[in-house]
Amino acid sequence: MTYENIEPSKASKPPKPLTIVTKPLPQILDEIEDKIRAAAEAASRAEEAARAARGAAGAATKASGEAAQRAEEARRAGEKAAEEATRATAEVAAKAEEIAKAAREVAEVAKKTAEEAASRIEEYLAMVSRPGESSRNVERLLELTSIADPVLAEIWDNEKDAIYDQT
């Protein structure tokens, strides 16, 4: 077998001598023992780091869980507050609508009553005799009673007007 394909630089270098041949055995064993001790210390530090990392990961997981729980509680509280605000607003709006409806009804009744009173007053004023007219209308005006006109009855029957009834 010939070595024709070997590069000249590799072929011309002498092989590196083995350490085991150049160092005494006790020195080699001491170096091996030092390296084993260093490797054991590195492994111990790695185990401690792994335990610390495991503890930190557990704490982070726990904190993450607590944060998620608090976020969920905050979301629920926000939804509940929004629902309560919506319900309260709806109740207030309904009450305001009822009040407005009642006010419209009262205004309608007041308008109708005022129109009726104005119409009756015009009728009664037409009955009052003027100088030179017949006194027949005056007699009809004197026939007014609380039964004949309940609107005027309300006006007549009050404490301030009672003083005129005494004379």
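Just so you know, all these numbers are worked out from the coordinates, no wet-lab data involved. These figures come from a predicted structure and were not determined experimentally. Note that each Cβ is placed from the backbone with ideal geometry, even for glycine, and that neighbours are counted across all protein chains shown.
Data table
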{"read-out": "Per-residue Cβ neighbour rank within 10 angstrom, fewest leading, D149, D30", "value": "D30, D149"}
{"read-out": "From phi via Karplus (6.51, -1.76, 1.60), per-residue ³J(HN,Hα) for the range 100-110 in Hz, x at Gly/Pro", "value": "4, 5, 4, 5, 5, 5, 4, 5, 5, 5, 4"}
{"read-out": "Vicinal HN-Hα couplings computed from phi for the range 88-99 (Karplus, 6.51 cos²θ - 1.76 cosθ + 1.60; Hz; Gly/Pro x)", "value": "5, 5, 5, 5, 5, 5, 5, 5, 5, 5, 4, 5"}
{"read-out": "Computed label-point distance, nm, for sites A50 and A117 using a 7 Å Cα→Cβ extension", "value": "9.9"}
{"read-out": "Inter-probe distance in nm under a simple model that places probes 7 Å from Cα toward Cβ, at A57 and A94", "value": "5.6"}
{"read-out": "Rounded to whole Hz, the Karplus (6.51, -1.76, 1.60) HN-Hα couplings of the range 24-39, x for glycine and proline", "value": "x, 4, x, 5, 5, 5, 4, 5, 5, 4, 4, 5, 5, 4, 5, 5"}
